[in-house]
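Just so it is clear, none of the values below were taken in a lab; they were calculated from the coordinates. Worth saying up front: this structure is predicted, and the values here are computed from it rather than measured. So basically every Cβ, Gly included, is an ideal-geometry build from the backbone, and we count neighbours across all protein chains shown.
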Amino acid sequence: MNSLKFDTTNLICGLLLIATGLFFAYQSLELELGTALRMGPGYFPFILACALVLFGVIILIQAARVQGEPIGPVAWRGILLILPAPIIFGLTVRGLGFVPAIFVAALVASFASSRMKPLTALVLSAALAIFSVLVFSYGLGLPFRRFGPWLGF
């Protein structure tokens, strides 16, 4: 008798997607759903949550069909540097302003790779800050402070 083998990575991913989708579907039921022609505030989140559950089921079925690779080591460096980057941006954007906050957040996130060199990280962060100002400030015309009160501007 053959035992059913699962790809552990896809199994965990599928179960997490299903659980997350069910949680958000349940939460969206507290809002008015409406109909497809007259959507309420809970309609779109409910549809997205159902899509998340569907993708989770597809991945779960795939986990039973294909034997995958084992889960590798956790990339702690990436977790510890990429996850705080948007938090750093959110905490500093009002005080430092848009340009320095983008620069600092990109600089922190760029060191998630062990191959990143300091000069490359500085150039990448500066380029991202310039690009962001060109797109959001000049291209889209969004009104925000480029440099904040913590810098004396």
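Results, tabulated for the structure shown:
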| item | result |
| --- | --- |
| Gained length - L142 relative to Q67, 0.36 nm times residue gap less alpha-carbon distance | 22.1 nm |
| Equivalent ellipsoid semi-axes, segment 48-99, via Cα gyration tensor eigenvalues times 5, rooted, Å | 36, 19, 6 |
| Extreme residue, positive dipole direction of the chain, given options G21, V57, I79 (C-beta unit charges) | I79 |
| Förster-model FRET efficiency, 41 Å R0, L80 and L33, C-beta, rounded to 0.05 | 0.55 |
| Mean ellipticity per residue at 222 nm, deg cm²/dmol - from DSSP H runs of n ≥ 4 across the chain, formula -39500 (n - 2.57) | -20000 deg cm²/dmol |
| Isotropic mean projected area of the C-alpha convex hull, segment 27-153 (nm²) | 13.2 nm² |
| Folded to 0 to 90 degrees: helix 84-96 orientation relative to the chain principal axis, Cα | 30 degrees |
| Linear extension gain, R94 paired with K5, 0.36 nm per residue minus alpha-carbon span | 26.9 nm |
